[in-house]
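Okay, structure first, notes after.
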Amino acid sequence: MKYVYLFVLFSIGYIYSPTIQGQVIDLNHIESKIDALIPKTVNDTTPGLVIGIVQNGKLIFSKGYGLANMSYHIPNDSKMLYNIGSVSKQFLGYAFAMIQIEGKININDPVSKYLEDWPEFDQQVTIKHLLSHTSGYREAYTMSGLSGRDIGVDRLSREECLEVVRKQPELEFEPGSSYTYNSTAWVILAEVFEKAVGVSAAEWVKLNILKPLDMKDTQIETYVGEVMINAAESYSYSEDKGYTNEKSNRAIFGAADVNTSVQDITKWITNYSKSMLGGDAVNNLFLEPFVLNNGINSGYALGINVGSYRGLKRYRHTGGHEAFITQLSYYPNQDTGIFTVSNFGGKGIISTTKIADLLLEEFIIDTDYKYKGITIEKEKLEQLTGLYLASTLNQTINLTLIEDTLSINGRTKLIPVKSNTFQINGSDEQIIIDTLPSGKTQLTALKTNSKDIFERVESWVPNPEQLTNFEGDYWSDELETLYHIQVVNNQLVVQHRWNEDIFLKPISKDFFATDYGMYVKFNRNKKGEVSELSIYSGRTLNVIFKRNKIR
């Protein structure tokens, strides 16, 4: 590759030989192994990625692949700035930990204490709920899309994000009862922070985090179009258009918009172990996972995931912004951090876990999750197949039989370990299938930090005449948006003045799926007439559209 740059402190194997718990790292060997992981879509004429490895507070390895700027043929390297998307959240999370220890705020206070004209719901939402993605607030990005906006193209301001919650009719769930990733919460947090300290969150973080850590090149984007010095561009590629320089039309610090380099992020990663900002009390609070109301550890602290990988304790977060995709992982017991940014979307990604497998091979406690299955008759397995709908109505699992083995969505094979219990190789996820007293079949998906309930649904194939019962105009007061629904070629279609047509696929009676991860449920009045529809997606539940005129 023409543009492949290596940065290693001192001379490899001579003056400085990096070690992990006494194990000497052969950086030449590691480099060749990492090179082999680079996607074949990346070369010296394409966008690519940058990788940094931090150990014992030192940047022991950094390498750029492909171009940071295609127009001027500038390569990716360790000094270039990249927008790290949601990895930015931990900077504001750490700031909250600092002012909490200083006594300037109480993160158990209700949000309404700090914001004027803020909605009070039936249950109280605290600052800690915002920090831990357990608030029950709407996701502004999803709501913006439902209203017809193109995220990244159409402008989305901080005030508009706040307005999403102000217009929300009710919480999506009891605060603290469920972990549902939510960037709206972090926009609100920036507002709360400013009210608490008297200056903007971005300015406070610059003065109290970036400056003390000497992250002198890192910049926080505070308005759309702000010039970022020495910043990489991000790109996508399609067969019909070729390369596109992806741009964002939002700049909302808190949720995203920290621009940093491999060299600067090294100093931030070092703070995980050194507690240079605020001491151990702050660092410990920052890294303390939230415990859900049911006692389950959510695995998420103040802007960072705290869990494990192959038996090793790990702090981790990912981020996506424009076509940048960022991964940051840190293994505290090995004092080793891994940081990657692709500026080529999914075409420039290599997982930090694959790099960890190379670096930390000697310390991995387990040999990955592998299970010895039992034999279950094919006829019994067939009885478990079908489509299962989540109790939250925002996701489905399709169990099929492939080569006498149950499979999720035709891709992931399930290994039977009991008559009703299945495991997935390489994962701690467990699937339990039970027949309820009502005769219905229930699927429980258990993970370390979550428990999701699904119920098998009976398939429904409406005829064209039945589909016409759903036709009409549907209005959302919350979104101030109109959807028109009609039958086109014997299929129900959702139409909007700005969005592309969305085709609805029947799952069960009055319930439809789309190709966009969105589900539509039609509700009926006491007369049995279709009177409204509700939309459900991964992060947003029960957005209601009223039918304008019932036929």
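The values are calculated or read from the model by the stated rules, or taken from the named source; none is laboratory data. In this text, all values refer to a predicted model and were calculated from it rather than measured experimentally. Using ideal geometry, Cβ is built from the backbone for each residue, glycine included, and neighbour counts are taken over all protein chains shown.
Table: residues versus (1) within 16 Å of Leu359 (Cα to Cα); (2) out of contact with any Gly (no Cβ under 6 Å at 6 or more places or on another chain); (3) not assigned by TED's automatic domain parsing to the domain that holds Lys354.
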residue: Gly295; (1), (2), (3): no, yes, yes
residue: Tyr309; (1), (2), (3): yes, yes, yes
residue: Gly319; (1), (2), (3): no, no, yes
residue: Glu322; (1), (2), (3): no, yes, yes
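If you take just the helices (runs of 4 or more DSSP H) that sit entirely in the range 125-222, which of them hold at least 3 residues that are closer than 22 Å to Leu81 by Cβ and modelled with pLDDT of 95 or more?
Numbers: elements: 127-131, 140-146, 158-166, 184-197, 201-205.
Output list reads 201-205.
Suppose we keep only residues that are under 23 Å from Thr134 (Cα atoms) and β-branched (Val, Ile, Thr) within the range 425-459. Which one would you say is surrounded by the most Cβ atoms within 10 Å (Cβ to Cβ)?
The qualifying residue surrounded by the most Cβ atoms within 10 Å (Cβ to Cβ) is Thr444.
Take the range 506-533 and flag every residue that is farther than 18 Å from Phe454 by Cβ, of a type outside the set (Asp, Glu) and free of Cβ contacts under 8 Å to residues at least 24 places away in the same chain.
Thr514, Tyr516, Asn523, Arg524, Lys526, Lys527, Gly528, Ser531
Condition check: at positive phi and either more than 26 Å from the chain's Cα centre (by Cα) or in a helix (DSSP H, G or I) (or both). Does Asp122 satisfy that? So that I can check it myself, show each step before the final result.
Values: at positive phi: no; either more than 26 Å from the chain's Cα centre (by Cα) or in a helix (DSSP H, G or I) (or both): yes.
Spelling it out, it is not the case that Asp122 is at positive phi and either more than 26 Å from the chain's Cα centre (by Cα) or in a helix (DSSP H, G or I) (or both).
Quick one: would you say Ile338 is assigned by TED's automatic domain parsing to the domain that holds Leu49, of a type in the set (A, V, I, L, M, F, W, C), part of a strand (DSSP E or B) and under 26 Å from Phe253 (Cα atoms)?
Values: assigned by TED's automatic domain parsing to the domain that holds Leu49: yes; of a type in the set (A, V, I, L, M, F, W, C): yes; part of a strand (DSSP E or B): yes; under 26 Å from Phe253 (Cα atoms): yes.
Answer is yes for this residue.
A quick yes/no check of all residues on (1) in contact with a Lys or Arg (Cβ under 9 Å, 6 or more places away or on another chain); (2) outside the structural domain of Arg155 (by TED's automatic domain parsing); (3) not small (Gly, Ala, Ser):
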{"residue": "Lys211", "(1), (2), (3)": "no, no, yes"}
{"residue": "Thr222", "(1), (2), (3)": "no, yes, yes"}
{"residue": "Glu226", "(1), (2), (3)": "no, yes, yes"}
{"residue": "Ala231", "(1), (2), (3)": "no, yes, no"}
{"residue": "Ser234", "(1), (2), (3)": "yes, yes, no"}
{"residue": "Asp240", "(1), (2), (3)": "no, yes, yes"}
{"residue": "Lys247", "(1), (2), (3)": "no, yes, yes"}
{"residue": "Arg250", "(1), (2), (3)": "yes, yes, yes"}
{"residue": "Asn271", "(1), (2), (3)": "no, yes, yes"}
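One line per residue, one yes/no per condition, for (1) within 26 Å of Arg149 (Cα to Cα); (2) part of a loop (DSSP other than H, G, I, E, B); (3) over 25 Å from the mean Cα position of the chain (by Cα); (4) β-branched (Val, Ile, Thr):
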position	(1), (2), (3), (4)
Thr444	no, no, no, yes
Val461	no, yes, yes, yes
Glu465	no, no, yes, no
Trp475	yes, no, yes, no
Ser531	yes, no, yes, no
Thr540	yes, yes, no, yes
Phe545	yes, no, yes, no
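Are any of the residues in the range 274-296 within 22 Å of the chain's Cα centre (by Cα), modelled with pLDDT under 95, more than 30 Å from Tyr237 (Cβ to Cβ) and not in a helix (DSSP H, G or I)?
For the range 274-296, residues within 22 Å of the chain's Cα centre (by Cα), modelled with pLDDT under 95, more than 30 Å from Tyr237 (Cβ to Cβ) and not in a helix (DSSP H, G or I): present.
Tell me, please, whether a residue that is touching a strand residue (DSSP E or B) at 6+ places or on another chain (Cβ under 8 Å), assigned to a loop (DSSP other than H, G, I, E, B) and either loosely packed, with under 14 Cβ neighbours inside 10 Å or modelled with pLDDT under 95 (or both) can be found in the range 81-92. First the steps, then the outcome.
To start, the set of residues in the range 81-92 that are touching a strand residue (DSSP E or B) at 6+ places or on another chain (Cβ under 8 Å) comprises 81-92.
From the residues that got through so far, the ones that are assigned to a loop (DSSP other than H, G, I, E, B) too are 84.
Narrowing further to those that are either loosely packed, with under 14 Cβ neighbours inside 10 Å or modelled with pLDDT under 95 (or both): none.
Within the range 81-92, not a single residue is touching a strand residue (DSSP E or B) at 6+ places or on another chain (Cβ under 8 Å), assigned to a loop (DSSP other than H, G, I, E, B) and either loosely packed, with under 14 Cβ neighbours inside 10 Å or modelled with pLDDT under 95 (or both).
Out of all the residues in the range 367-376, is one or more among the aromatic types (Phe, Trp, Tyr), closer than 15 Å to Leu312 by Cα and modelled with pLDDT of 95 or more? First the steps, then the outcome.
Keep residues of the range 367-376 that are among the aromatic types (Phe, Trp, Tyr), which gives 369, 371.
This time we only want the ones that are closer than 15 Å to Leu312 by Cα, so: 369.
Restricting the remaining residues to those that are modelled with pLDDT of 95 or more gives none.
No, that holds for no residue.
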